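Peer 1: Got a structure here, written out as structure tokens. Questions coming.
The values are calculated or read from the model by the stated rules, or taken from the named source; none is laboratory data. Remember, it's a predicted structure, so these values are computed and weren't measured experimentally. All Cβ positions, even for glycine, are placed from backbone atoms using ideal geometry, and neighbour counts span all protein chains on display. When the accessible area is computed, the model is the full protein with side chains, heavy atoms only, and any ligands, DNA or RNA have been set aside. Shrake-Rupley method; radii C 1.70, N 1.55, O 1.52, S 1.80 Å.
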Amino acid sequence: MLTTAKKLSSIYMRLVLPTPSSSTFSSFGSSISGFTPPRGTQFLRLNFRFRTMASHVVGYPRMGPKRELKFALESFWDGKSNYEDLEKVAADLRSSIWKQMADAGIKYIPSNTFSYYDQVLDTTAMLGAVPPRYGWNGGEIGFDVYFPMARGNASVPAMEMTKWFDTNYHYIVPELGPDVKFSYASHKAVSEYKEAKSLGIDTVPVLVGPVSFLLLSKAAKGVEKSFPLLSLIEKILPIYKEVIAELKAAGASWIQFDEPTLVKDLDSHQLQAFSHAYSELESSLSGLNVLIETYFADVPAEAFKTVASLKCVTALGFDLVRGSKNLDLIKSGFPSEKYLFAGLVDGRNIWANDLASSLSTLQALENVVGKDKLVVSTSCSLLHTAVDLVNETKLDEEIKSWLAFAAQKLVEVNALAKALAGQKDEAFFSANAAARTSRKSSPRVTNGAVQKAAAALKGSDHRRATTVSARLEAQQKKLSLPALPTTTIGSFPQTLELRKVRREYKANKISEEDYVKYITEEISKVVKLQEDLDIDVLVHGEPERNDMVEYFGEQLSGFAFTANGWVQSYGSRCVKPPIIYGDVSRPKPMTVFWSSRAQSMSKRPMKGMLTGPVTILNWSFVRDDQPRFETCYQIALAIKDEVEDLEKAGINVIQIDEAALREGLPLRKSEEAFYLNWAVHSFRITNCGVQDTTQIHTHMCYSNFNDIIHSIIDMDADVITIENSRSDEKLLSVFREGVKYGAGIGPGVYDIHSPRIPSTEEIADRISKMLAVLDTNILWVNPDCGLKTRKYTEVKPALSNMVAAAKLLRDQLASTK
């Protein structure tokens, strides 16, 4: 008799996976799943493939189940493969995705959600909004322009990259101004629609909506920051009209505009832009069904009224997972003539849907909008989830039964649509209910001692006893650092050989003794390199770590891990978020051994490197059965134990990265204070017990920090290093406007996400700009982020130039004095 876990897994796989012999897949697609379905699969698959249930998916992961696109992109960038090789992988991947959705019974299948880097960058290319520095002279935009915009090259820097709303995905920020000459320069949306149609699949082409595109853009360099980006709407709408006309001519019957900025706090002028834009597009959209899709939060009441009144719009999509208040808006006045695309299957997490609850919600909505106007959908694109549970052969069976990755979410969407149509799969719903019961009652989820310790945190704000200025004075006496001290953020390049050694150790193919020897040698090389470069505060390079969150999660209780649960972060960069399924604690020290060993190799200060509780939380798939802040406090207590053990081991500088603190900020102003209060408190918990002479650093990257600068100050870290170079030094404007910052600060002096090597003069110029608004005695010199993804051939000259620039400025300061 099958266990609940195996039964549910079997049903998921049987319903969704195509047979390897099916013409559905090319040879590439066949190799994706590596799965041989049981007998009867083909019948079941075809049985509901021809049912036209009202189901929809906002978007789907692009990288592939085994990161096929990542490896194809990096091979192309390294010159090891050509355009045809890359396009072959991409075409096979697109084909497999579309056909998988068709086989899963999805009626409204999206196209143009695939991207070689980022969907906003794709829209920038479609509109021909290429910054002049890339030397584009018109015509169809190719990879020779597209990839330098995303990554930069030897001669030009990349465009700014920042977080996509409150996710860990990053988008490339368009650079716009009054002089931009827009033109229809990328026919990707139409090409992909035709490509799917040639496979026998009629899709819903997806475009980033014109208003959200402008609201997500920034004023280009040299353009006044106050330039009204929405004034460009009249210039971009003609291109949208051209795209729409071509899609209609190609046979499209639906089109989806993603307008996620509708969930933000918009003023009346911004809301009017939506009304104006879609009124202008009305005649072009005639004859098409138009879906406006929103996600990630509730739509404010005024925005709901605005979008509900758009005449040319056939359907509205709402996130009913993170936007639960949307239900009240829908029930109080949904337009009778429009379809509702109800986003009830979570696109941001990996827990199996509560099918019974979702069906109940759908039935209630059915009474509001009508049976023929209700479509079951995902809450947002499945881009933010892992791809397929079928590839997790080593994951604990009980925990596996609690989960649903993107492929399984397709099944959930279809199962709900069928149930709503009176064709409920009782076995599937029963297995789902049993798995949820198993999760609620499992003893592995709760730990009484952890819950008691977290509850005891109430009543204190956990601040260090002395002011940051007093602590910096005590630390300087101990560390004796020069003016403008140099450091790096933590990681150094991870070579193929290093990754191979880690894999072999994990697979028990090499002994622990050999592994420790190899990692020790690797640390020794990194320490020597930093000493040769004359860097002031060293790092050990983190050669033992696979990922800054996964490494810690593997050593904490309450975490589970996948083999192939990869999620795209940006470009080809993927992360494998841990799964927090239970209460969190630290069974034993996690980093003390390697940090102590590294410190023994040098007389210079060696940073102990930790990931902070908020970042571990925000970069994991988090349990949804208790408030997020409770889980964060549990992680904070575990990191606090580690910080104090590092201090006891003689580590005088400890960095607690909070790269993702800004990322978790709610999208609505009214909810920000509550989040920032518990997030900043969690950080302070980690280091409230250390001595004044122990210097606490933190690091943040690739977000807009200006609006939370006072919360950053409230973290009470001794030194903060922060991304700065790729965002046109936006951070410095805060200090120009008079914000006083008394702790140490290191705004990044060069962008590590580009292969470009900055010159000494360029870095010195950046430091000079920083000195114009920051005191000499608090300024640090460092890169934007860790160096893990770069090559040593890039890192050595870049760091050499960085140190030379710091020394140049020190000499200038000394001569001035």
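Peer 1: If I model a spin label as a point 7 Å beyond the Cα along the Cα-Cβ vector, how far apart are those points for K241 and K394 in nm?
Peer 2: The modelled label-to-label distance comes out at 5.8 nm.
Peer 1: Do you know the Lys pair count in region 363-467 for C-alpha distances under 15 Å, with sequence separation 8 or more or different chains? Display every interim value, and only then the final one.
Peer 2: Working: K371/K418; K373/K418; K400/K409; K400/K440; K409/K418.
Here the count comes out as 5.
Peer 1: To continue, here is another question. Work from the charge dipole of the chain (Cβ charges, +1 for Lys and Arg, -1 for Asp and Glu, about the Cα centre) and give the residue of A454, V263, G608 farthest towards its positive end.
Peer 2: Ranked along the dipole, the leading option is A454.
Peer 1: Tell me the relative contact order for region 676-726 as a rounded percent, counting alpha carbon contacts under 8 Å between residues six or more apart. Please list the in-between numbers first.
Peer 2: On the way: 35 pairs, mean separation 24.3, N = 51.
Value for region 676-726: 48 percent.
Peer 1: Same structure again: So if I restrict to the alpha-carbon atoms in region 484-622, what is the Rg, and what is Dmax, the biggest pairwise distance, in Å?
Peer 2: 15.8, 45
Peer 1: Of P174, A364, N618, which is farthest on the positive side of the dipole of the chain, counting Cα position, with +1 on Lys and Arg Cβ, -1 on Asp and Glu Cβ, and the Cα centre as origin?
Peer 2: A364
Peer 1: Quick check: net charge around S377, other residues with Cβ under 12 Å of its Cβ, Lys/Arg +1 and Asp/Glu -1?
Peer 2: Values: positive: K107, K409; negative: E293, D319, D346, E412.
Charge balance in the 12 Å sphere: -2.
Peer 1: Follow-up. For region 259-314, just the Cα atoms, rotate onto the principal axes and tell me the three extents in Å, largest first.
Peer 2: Extents along the principal axes: 31, 22, 14 Å.
Peer 1: Could you give the nm distance between label points at N137 and C312, where each point is 7 Å from its Cα heading toward the beta carbon?
Peer 2: 3.5
Peer 1: When the chain is fully extended, how far beyond the present Cα-Cα distance does S357 get from T693, taking 0.36 nm per residue of separation? Don't skip to the answer; put the middle values down first.
Peer 2: Values: separation 336, 0.36 × 336 = 120.96 nm, distance 5.39 nm.
Result for the pair: 115.6 nm of gain on full extension.
Peer 1: Let's test the formula: R0 of 22 Å, r as the Cβ-Cβ distance of K477 and I778. What FRET efficiency results, to the nearest 0.05? Before the final figure, lay out each step's value.
Peer 2: Values: r = 16 Å, r/R0 = 0.73.
My answer for the efficiency is 0.85.
Peer 1: In debye, nearest 20: dipole of region 341-464 around its Cα centre with unit charges on the Cβ of K, R (+) and D, E (-)?
Peer 2: 600
Peer 1: Tell me, what is the per residue accessible area of the chain in Å², probe radius 1.4 Å?
Peer 2: On the way: 30350 Å² over 817 residues.
The answer is 37 Å² per residue.
Peer 1: Turning to a different aspect of this structure: Give the calculated FRET efficiency between K458 and K181 to the nearest 0.05, with a Förster radius of 60 Å applied to their Cβ-Cβ distance. Could the numbers behind the result be given before it?
Peer 2: On the way: r = 59 Å, r/R0 = 0.98.
About 0.55, to the nearest 0.05.
Peer 1: Let me check something: with ligands and nucleic acids excluded, how do K225, K517, K264 order by accessible area (1.4 Å probe), largest to smallest?
Peer 2: On the way: K225 150, K517 130, K264 80 Å².
Most to least solvent-accessible, the answer reads K225, K517, K264.
Peer 1: Give me the Debye-computed log₁₀ of I(q)/I(0) at q = 0.17, 0.24, 0.25, 0.26 Å⁻¹ for region 211-296, equal point scatterers on Cα only, no solvent, two decimals.
Peer 2: -0.78, -1.29, -1.35, -1.40
Peer 1: State the extension gain, in nm to one decimal, for the chain segment bounded by S198 and V739, taking 0.36 nm per residue of separation less the distance between their alpha-carbons. It would help to have the intermediate numbers written out before the result.
Peer 2: On the way: separation 541, 0.36 × 541 = 194.76 nm, distance 5.82 nm.
Residue separation times 0.36 nm, minus the Cα-Cα distance, leaves 188.9 nm.
Peer 1: For labels at S155 and E302 in the simple 7 Å Cα→Cβ model, what's the distance in nm?
Peer 2: Calculated label separation equals 4.8 nm.
Peer 1: Something else: Using the Cα centre of the chain as the reference point, and only Cβ charges (+1 on K/R, -1 on D/E), how large is the resulting charge dipole? Debye, rounded to the nearest 20. Kindly include the intermediate steps, with their values, before the conclusion.
Peer 2: Numbers: 95 positive and 96 negative charges, 279 e Å.
With Lys and Arg at +1 and Asp and Glu at -1, about 1340 debye.
Peer 1: Here is a further query. Using amide H atoms built 1.01 Å from N in the peptide plane, name the residues 5+ places from Y108, or on other chains, whose amide H lies under 5 Å from its own.
Peer 2: Here the answer is S55, H56, V57, since their amide H atoms fall under 5 Å of that of Y108.
Peer 1: Please give the charge dipole size of region 703-817, origin at the Cα centre, charges +1 on K and R Cβ atoms and -1 on D and E Cβ atoms. Round to the nearest 20 debye. Walk me through the numbers before you get to the answer.
Peer 2: Values: 14 positive and 16 negative charges, 87 e Å.
The calculated dipole for region 703-817 is roughly 420 debye.
Peer 1: Starting from 0.36 nm per residue, how many nanometres of slack lie between K221 and Q812 once their C-alpha separation is accounted for?
Peer 2: Answer, rounded to one decimal: 209.9 nm.
Peer 1: Where does region 280-376 land on Rg/Rh, using Cα atoms and the Kirkwood Rh? Let's see the in-between values first.
Peer 2: On the way: Rg = 13.6 Å, Rh = 14.0 Å.
When Rh is taken as the Kirkwood radius, the ratio is 0.97.
Peer 1: Jot down the per residue volume, in cubic angstrom and as a whole number, of the convex hull over the alpha-carbon atoms of region 223-357. Before the final figure, lay out the partial values.
Peer 2: Values: hull volume 19.9 nm³, N = 135.
With only Cα atoms used, region 223-357 gives 147 Å³ per residue.
Peer 1: Calculate the tail of P(r) for the chain: the fraction of all Cα-Cα distances greater than 38 Å, expressed in %.
Peer 2: Values: 136513 of 333336 pairs.
Percentage above 38 Å: 41.
Peer 1: Select from G689, P228, A189 the residue farthest towards the positive end of the dipole of the chain; place +1 on Cβ of Lys and Arg, -1 on Cβ of Asp and Glu, and compute about the Cα centre.
Peer 2: Selected residue: G689.
Peer 1: Assuming R0 = 30 Å, what is the FRET efficiency of N706 and S469, from their Cβ-Cβ distance, to the nearest 0.05? Don't jump to the answer; show the numbers that get you there.
Peer 2: Working: r = 23 Å, r/R0 = 0.78.
Result of the calculation: an efficiency of 0.80.
Peer 1: Could you pull out every residue, at least 5 positions away or on a different chain, whose amide H is within less than 5 Å of the one on D657? Hs are placed 1.01 Å off N in the peptide plane, and Pro or chain starts have none.
Peer 2: L610, T611, G612, H699
Peer 1: Of the heavy-atom accessible surface of the chain (probe 1.4 angstrom), what whole percent is carbon and sulfur? Present the calculation step by step, with values, prior to reporting the outcome.
Peer 2: On the way: 15440 of 30350 Å².
Carbon-and-sulfur percentage of accessible area, whole number: 51.
Peer 1: Okay, moving on. Where the centroid of each part is defined by its Cα atoms, how far is region 765-817 from region 92-136 in Å?
Peer 2: Taking the Cα centre of each part, region 765-817 and region 92-136 sit 39 Å apart.
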